[in-house]
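What follows is a set of notes on a single structure, which appears directly below.
The values are calculated or read from the model by the stated rules, or taken from the named source; none is laboratory data. Worth saying up front: this structure is predicted, and the values here are computed from it rather than measured. Neighbour counts are summed over all protein chains in view; Cβ atoms, including those assigned to glycine, are modelled from backbone coordinates with ideal geometry.
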Amino acid sequence: MTAEFGRETWSLAVPEGWRAWHDPECATLVGPGDIGSLQISAAFKESEVLEADLRDFASKHLDAGARPSATHAGDFVGFEIAFSDGDKFWRQWYLRNGRQMLFVTYNCDLDSRGTEEEPIREALASLVAKGRDVDKPLQPTSGGRASGGGGSMRSAARG
């Protein structure tokens, strides 16, 4: 049986045998044998997060030649990229739903690439956007300005 794990604005099903915990800047999931690590962080915007916002966030890798592949992950859409960095394999997902962006990373030793692919895909397919009306614009505060600051993305330590 899998357990639900997440924050106020997102959740997913933890694969059987995996451990999950919250760090100050992200949520972390690790499978049996400590092969790799899946980490999820959230950011929010005053208006809807667009594909262009995701591409801007990923520009370092895209400019270096990473080829994005469109993806769906539960309630979220976006793209993913994969690359190696020395002896490490990395896969990154840039996902959006309403005003929320999720940045998801997985890394493992290069020779372990693909070992945890199935449980990771299943966990990400179970992603649910929830709470705080993340699909609606922020409401103005009493000072007349919307909370959340500017049109730029802001990170949430809530992961």
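Annotation note: of 64, 73, the sole residue that is under 24 Å from residue 113 (Cβ atoms) and touching a strand residue (DSSP E or B) at 6+ places or on another chain (Cβ under 8 Å) is 73. Of everything in region 21-53, what is touching a Gly at 6+ places or on another chain (Cβ under 9 Å) and of a type in the set (A, V, I, L, M)? Give them in sequence order. 27, 30, 38, 40, 42, 49 - these are the residues of region 21-53 that are touching a Gly at 6+ places or on another chain (Cβ under 9 Å) and of a type in the set (A, V, I, L, M).
Check region 102-118 and report whether any residue there is over 20 Å from residue 42 (Cα atoms), modelled with pLDDT of 90 or more and of a type in the set (A, V, I, L, M).
The answer is yes, given that some residue of region 102-118 is over 20 Å from residue 42 (Cα atoms), modelled with pLDDT of 90 or more and of a type in the set (A, V, I, L, M).
Of all residues in region 107-120, exactly one satisfies the criterion of being touching a residue at least 60 places away in the same chain (Cβ under 8 Å) and either touching a helix residue (DSSP H, G or I) at 6+ places or on another chain (Cβ under 6 Å) or aliphatic (A, V, I, L, M) (or both), namely 120.
Across region 64-81, what is the number of residues that are at positive phi and not in a loop (DSSP other than H, G, I, E, B)? Qualifying residue count, region 64-81: 1. Summed over region 12-29, the residues that are buried (at least 19 other Cβ atoms within 10 Å of the Cβ) and either part of a strand (DSSP E or B) or at pLDDT below 90 (or both) give a count of 5.
Screening region 30-54 for residues that are charged (D, E, K, R) and crowded, with 19+ Cβ neighbours inside 10 Å and picking the one that is nearest to residue 94 (Cα to Cα) gives 53.
This table checks each residue for (1) β-branched (Val, Ile, Thr); (2) free of Cβ contacts under 8 Å to residues at least 40 places away in the same chain; (3) under 18 Å from residue 101 (Cβ atoms); (4) out of contact with any strand residue (DSSP E or B) (no Cβ under 6 Å at 6 or more places or on another chain).
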{"site": "14", "(1), (2), (3), (4)": "yes, no, no, no"}
{"site": "24", "(1), (2), (3), (4)": "no, no, no, yes"}
{"site": "37", "(1), (2), (3), (4)": "no, no, no, no"}
{"site": "42", "(1), (2), (3), (4)": "no, no, yes, no"}
{"site": "46", "(1), (2), (3), (4)": "no, no, yes, no"}
{"site": "50", "(1), (2), (3), (4)": "no, no, yes, yes"}
{"site": "56", "(1), (2), (3), (4)": "no, yes, yes, yes"}
{"site": "60", "(1), (2), (3), (4)": "no, yes, yes, yes"}
